[in-house]
Amino acid sequence: MILKIVKYPEPVLQQPGEPVTEFNDDLRKLVADMFETTYASQGIGLAAPQVSVSKRITVIDLSGGKEAEQRLVLINPEIISTEGKQYEEEGCLSFPEIREKIVRAAKVRIRAQDENGKWFEMDGEELLARAFQHEIDHLDGIVFLFRMSPLKRSLNLRKIRKMQNDGTW
Ligand code: NI
């Protein structure tokens, strides 16, 4: 089922998600729906707050649904170490048409639970490291607008306001 993606400034995007404690069929159904929603929107990652579920769940697939082994489900994820810096363009399904360069760590190591509750650790570099940081930020109630420089943030806020007034946001 394709879920509705909420846009900034929906309050659910700006509050920390609750930890997941039950690994049941409802969770697995939500994860499946989140992948379906990501692919339908041509995204590479989605966090539960973006579909109005304030929980620490995110899905990532850098192949956009083309390679099954690229599907990553991160439940209650945490960044355990970071290394270096990267400065690349990012987008977000809750900010249609906004793309901006964001400073992120170049490499990150995360720990997370899978959809059965099993803990694992994983390393990411480049785009995957960026996806980990962007999606885990969502679970902490932080949207990428607040990772931009103050100047870029105000320019983008102005662009969003204009689209809201035009009815295109
Ligand atoms: Ni996002």
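May I ask you to derive the relative contact order of the chain, considering only C-alpha pairs under 8 Å and at least 6 residues apart, and to give it as an integer percent?
Taking the mean separation of contacting Cα pairs over the length of the chain, I get 23 percent.
For the ranges 81-90, 55-64, 30-39, what's the packing order if you count other beta-carbon atoms within 10 Å of each residue, average per peptide, and put the highest first?
In decreasing order of mean packing, 81-90, 55-64, 30-39 become 55-64, 30-39, 81-90.
What is the projected area of the convex hull of the Cα atoms of the chain, averaged over all directions, in nm²?
On the way: hull surface 37.8 nm².
Averaged projected hull area, Cα only: 9.5 nm².
At 7 Å along Cα-to-Cβ for each site, give me the label-to-label distance between K66 and Q164 in nm.
Label at K66, label at Q164, 3.7 nm between them.
Work out how much length R28 to M1 would gain on full extension: take 0.36 nm times their residue separation and subtract the Cα-Cα distance, in nm to one decimal.
Contour length minus Cα-Cα distance gives 8.5 nm.
Nothing charged except the Cβ atoms of Lys and Arg (+1) and of Asp and Glu (-1): what's the magnitude of the dipole of the chain about its Cα centre? Round to the nearest 20 debye.
820 debye
Sort R71, R161 so the one with the fewest other Cβ atoms within 10 Å of its own Cβ comes first. Display every interim value, and only then the final one.
Numbers: R71 15, R161 11.
Fewest-to-most Cβ neighbours within 10 Å comes out as R161, R71.
Set the bar at 24 Å for Cα to Cα. Now go through K7/K152; K55/K152; K4/K85; K55/K118; K101/K159; K7/K162 and name every pair that lies beyond it. Don't skip to the answer; put the middle values down first.
Working: K7/K152 18 Å; K55/K152 29 Å; K4/K85 33 Å; K55/K118 17 Å; K101/K159 16 Å; K7/K162 15 Å.
From K7/K152; K55/K152; K4/K85; K55/K118; K101/K159; K7/K162, over 24 Å: K55/K152; K4/K85.
Neighbour counts of other C-beta atoms within 10 Å: give me R130, R158 arranged from fewest to most.
Fewest-to-most Cβ neighbours within 10 Å comes out as R158, R130.
Taking the dipole about the Cα centre of the stretch 11-166, with the C-beta of Lys and Arg at +1 and of Asp and Glu at -1, give me whichever of P49, Q86, Q70 is farthest to the positive side.
Farthest towards the positive end: Q86.
May I ask you to list the aspartates and glutamates whose Cα is less than 15 Å away from that of K66, ignoring any residue fewer than eight positions away on the same chain?
List returned: E36.
Readers should treat all values here as calculations from the given coordinates under stated rules, not as data from a laboratory. Keep in mind that what you see is a predicted model, and the values were worked out from it rather than measured. We place every Cβ from the backbone using ideal geometry, glycine too, and count neighbours over all the protein chains shown.
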